[in-house]
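The values are calculated or read from the model by the stated rules, or taken from the named source; none is laboratory data. Keep in mind that this is a model prediction, so the values were computed, not measured. Positions of Cβ are generated from backbone atoms using ideal geometry, with glycine treated the same way; all protein chains shown enter the neighbour counts. Only protein heavy atoms, including side chains, enter the accessible area calculation; ligands, DNA and RNA are left aside. Shrake-Rupley method; radii C 1.70, N 1.55, O 1.52, S 1.80 Å.
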Amino acid sequence: MLTRRHLIATAVAAPAILRFGTGTAQAATTLKISHQFPGGTIDKGDFRDRLCRMFAAEVAKRSNGDIAAEIYPNSSLIKTNAQFSAMRKGALDISLYPMPYAGGEVPETNIGLMPGLVTTYDQGLRWKKEPVGKALTDFLADKGIILLTWVWQAGGVASRSKPIVAPEDAKGLKVRGGSREMDMVLQTAGASVLSVPSNEIYAAMQTGACDAGITSSTSLISFRLEEVAKSLTSGAGTSYWFMLEPLMMSKAIFDKLPKNHQDILLTVGTELEAFGRKGAQDDDIEVAKVYEKAGAKVSALDAATVGKWRDIARDTAWKDYSAKTATAANLLKLATDVAA
């Protein structure tokens, strides 16, 4: 179990572990870990980057140096949208990856950002132990992906002008939603949509190509969207936008490792889920402070407003997704069985 003392000790050791890599006398297996988020250190910066660094340090420690890792933030190794496909092919080892970014390749992954489906962290994190979690894990394994750490993130809206709180507020605006299904809901609400990864929202809003961006609280902070926004809608209490953004691994690479190494990766990944939840929830609170300091108007969502978004989603995105494949229909049914 990763205790606070254990993590502090690991944090102290982490720079050396990451620096040595394949240069150790043990000819360690070196795993490349990629993500799209800003890089930092093991104890400062975007919690998703920190999670990757903590994971790397801890598996190195528990394997006595037999497993090393190199972290590639800012999509510096592989472009953002290409990381899922690269893992499936065995060309990338590990990524902390927004699951619905893979929706163009594997439509079923859009369950990871189905508007109104998950409305609390408790609900999302229950998936892992419920039938929907097993079904999703098995499906992804069949597609060449192993889930190491389940990370859910609530989202909010940064807007260049008026707040977008209720669906009617989006009418006439160009909005980045984050998934095909979220885009369907926005279009039904009268918005036009822009499909870009979260690390490209800033430029889109800065140039006027996008009026508002919906993304996780952490990305709202890390990508400095407060610099181009006048309004923020926070998802701190409840939200219609919850993204499954797990640490995932290439099954082709995983299967080549000895059993004891596989066990270390899975165990450390699971133990970091509490850190992932805390990081996401801390940022749900911090984002309002960041935007208020920048002079933006901050609005909150409530259950009734989330219900309006869910009603639209049920009639559009949920129906469309369920009709894609039998697997999609089953995943949606199992997910809706997990009570909020």
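Among the numbered conditions (1) of a type in the set (Lys, Arg); (2) out of contact with any Phe, Trp or Tyr (no Cβ under 7 Å at 6 or more places or on another chain); (3) touching a residue at least 40 places away in the same chain (Cβ under 8 Å), the only one that Arg277 does not meet is (2). In the set Lys134, Lys129, Lys174, only one residue is in contact (Cβ under 8 Å) with a residue 12 or more places away in the chain and of a type in the set (D, E, K, R); that residue is Lys174.
Step by step: first the residues of segment 174-212, then only those that are open to solvent by 40 Å² or more (accessible area, probe 1.4 Å) and touching a Ser or Thr at 6+ places or on another chain (Cβ under 6 Å), then the one that is farthest from Gly112 (Cα to Cα). Which residue is that? Walk me through it before giving the result.
Step one: list which residues in segment 174-212 are open to solvent by 40 Å² or more (accessible area, probe 1.4 Å), which gives 174, 180, 184, 187-188, 192-195, 199-200, 202-203, 206-207, 209.
Okay, now just the ones that are also touching a Ser or Thr at 6+ places or on another chain (Cβ under 6 Å), so 174, 184, 188.
On the way: Lys174: 23, Met184: 15, Thr188: 20 Å.
The residue in question is Lys174.
If you take the residues in segment 201-242 that are farther than 19 Å from Lys278 by Cα and of a type in the set (Ser, Thr, Tyr), which one is farthest from the chain's Cα centre (by Cα)?
Restricting attention to segment 201-242, the residues satisfying the condition of being farther than 19 Å from Lys278 by Cα are 201-214, 223-233, 240.
In the following step, the residues that additionally are of a type in the set (Ser, Thr, Tyr) were identified as 202, 207, 231, 233, 240.
Details: Tyr202: 18, Thr207: 25, Ser231: 23, Thr233: 19, Tyr240: 15 Å.
My answer is Thr207.
Going residue by residue through segment 298-318, is there one that turns out to be open to solvent by less than 10 Å² (accessible area, probe 1.4 Å), within 30 Å of Ala69 (Cβ to Cβ) and either part of a helix (DSSP H, G or I) or touching a strand residue (DSSP E or B) at 6+ places or on another chain (Cβ under 9 Å) (or both)? The answer is no, given that none of the residues of segment 298-318 is open to solvent by less than 10 Å² (accessible area, probe 1.4 Å), within 30 Å of Ala69 (Cβ to Cβ) and either part of a helix (DSSP H, G or I) or touching a strand residue (DSSP E or B) at 6+ places or on another chain (Cβ under 9 Å) (or both).
If you go through segment 64-86 and keep only what is among the hydroxyl-bearing types (Ser, Thr, Tyr), closer than 21 Å to Ser222 by Cα and surrounded by 16 or more Cβ atoms within 10 Å (Cβ to Cβ), you end up with Tyr72, Ser75, Thr80.
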